[in-house]
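Below is one structure; the comments refer to it alone.
Every number in this text was worked out from the coordinates using simple rules, so none of it is lab data. Since we're looking at a predicted model, the values are computed, not measured. Don't worry about glycine lacking a Cβ; one is built from the backbone with ideal geometry, like all the others, and counts go over all protein chains shown.
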Amino acid sequence: MILSHDVDGLADAPAVVLLHSSVCDRRMWEPQWQPLLAAGFRVVRADFRTCGDSPAAEAPYSDHGDVRELLDHLGIRRAAFVGSSYGGRVALTLAALRPELVSALALLCPARPAQRRGPALLAFNAAEAALLDAGDLEGAAGLNARQWLGPEADEAAHALVRAMQLGNFRGAEGADGDHELPEPAFEPAAVTAPVLGIGGAHDIPEFRDVPAELASLVPGAVHVELPWAGHLPSLERPAEINRLLLPFLCGAALPGR
């Protein structure tokens, strides 16, 4: 199965692939879509399984394998990746396993393979699980929006995150078992692409730590922490995130810049 996706831009332009947070779907990247196209990229965004328009799996799969198959389907041999939270985790996995496919990594409050769960994340997971066990999907979606959006997010961002997360919960309800393959071991030193790791000062410690750790684990990785940001900064201050992403991606992935 090919993931549900959007693609635009010249077929021979450098590609950038946008990988969403597990709280969201590919609609989260609407504020980045046109600026990336205008900068000269071929832009791709996709929905992971059970998210957005991608159905649940019926056979063994991996998210990084799905992304690799999408690149093959589109004839893309190398791309820059922008990953938010879980999307960052998938991008990191792919960059370590297949470094020749990845020209640059911009990671927004990323998760990472084998990430520890500290008290803040465990407490959130317990609160979410209680709502889901009670059948309150809308309450759980609202909890996610409040948890993961920082103080700069407006009501439109909250409404969008609630809608995306609610759709993901409903998509997961239709899954016939868990077909996801075990995650491979992550070797940070195998990542050869330039890395920009962005954290948010209002995020929980588990996610603030990951981009900071990457700066010491991945050769040449750069860490930036945004004092205003929560966990989904591309939805909180989209224009400011674009001003960070575009120079990094253009310098790493566009020839002659």
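I need the calculated FRET efficiency for the pair Asp12 and Ala201, taking r as the beta carbon distance and R₀ as 45 Å, to the nearest 0.05. The formula returns an efficiency of 0.65 here. As a rough footprinting exposure proxy, the listed residues Val16, Val44 were ranked by other beta carbons within 10 Å of their own, and the order from fewest upward is Val44, Val16.
Taking the square root of 5 times each eigenvalue of the Cα gyration tensor, what semi-axes in Å does the equivalent ellipsoid of the chain have, largest first?
26, 21, 19
The distance between label points at Ala189 and Glu240 comes to 3.7 nm (points 7 Å beyond Cα on the Cα→Cβ vector).
Spacing of the modelled spin labels on Ala134 and Val222, each 7 Å from Cα toward Cβ, amounts to 4.6 nm. Taking each DSSP H run with n ≥ 4 as -39500 (n - 2.57) and averaging over every residue of the chain yields -13500 deg cm²/dmol at 222 nm.
With only the Cα atoms considered, segment 1-112 has a convex hull volume of 92 Å³ per residue.
Can you tell me how much longer the chain between His179 and Ala156 gets when fully stretched, taken as 0.36 nm per residue apart minus their C-alpha distance, in nm with one decimal? Can you show the working numbers first?
Details: separation 23, 0.36 × 23 = 8.28 nm, distance 3.42 nm.
Contour length minus the Cα-Cα distance gives 4.9 nm.
Taking other C-beta atoms within 10 Å as the exposure proxy, Leu217, Leu10 rank Leu10, Leu217 from fewest upward. Of the complete DSSP H runs in the chain, those spanning 18 angstrom or more by Cα along the long axis with a mean Kyte-Doolittle score not below -0.5 are 119-133, 155-173, 238-253.
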